[in-house]
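What follows is a set of notes on a single structure, which appears directly below.
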Amino acid sequence: MPFTLFSVINLFPLGTATAEGWFAFLTMLMITLVCAFTEFRDRATYLEIQSRAGKLILTRPYFLLFKRKYLFKIEEFSSVRSYIITGPGKTRNLVELVTSHGGEALPVAEFPCQWSTPSKFDESAAAKNLRRAIAQELEIEDAGFLGARWQGAYLSPRTRHID
């Protein structure tokens, strides 16, 4: 935003506004707003664990700046695991809760990967600590670190929204 305002001052030094100057200003303003909106959307998803109440509340961005909350019961999950996902975008260490029947999972967090050798990834320390803390807090199995693998099916929260 400061760059956009600085550009406006440089485009119109003596109050002489041109069509090209206004177009440049509006273009920079739109780019700034899109970047700010994207940053907000990326940081807005989080999972709240309420172990005493026996529930998990997932909060995600919904429409524009609105958020939607989804409710999951702790009994639905039997283990927590961590693994590495590689792809064209980025390589990351994913921590997820696995359902009791094992077919679906709820992503909890993702972390940057650590290299042990030039061709092998290790679990990040933050992912390991989170995985162990979740297993202890929810009293479920710690399935450990699975290495590199493909991403599985995610648990659909569509029918579970609570707001």
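Region 23-111 holds strands (runs of 3 or more DSSP E) entirely within its bounds, and those carrying 2 or more residues that are free of Cβ contacts under 8 Å to residues at least 12 places away in the same chain map to 46-50.
Rundown of residues vs (1) modelled with pLDDT under 85; (2) under 25 Å from Arg132 (Cβ atoms), yes/no style:
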site	(1), (2)
Ala17	yes, no
Glu20	yes, no
Met28	no, no
Ile57	no, yes
Phe77	no, yes
Ile85	no, yes
Leu94	no, yes
Val108	no, yes
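Ala148 meets each of the listed conditions (1) surrounded by fewer than 19 Cβ atoms within 10 Å (Cβ to Cβ); (2) under 29 Å from Ala53 (Cα atoms); (3) at pLDDT below 90 apart from (2).
The values are calculated or read from the model by the stated rules, or taken from the named source; none is laboratory data. Please read all numbers here as calculations on a predicted model, not as lab measurements. Every residue, glycine among them, receives a Cβ derived from its backbone with ideal geometry; neighbour counts consider all protein chains shown.
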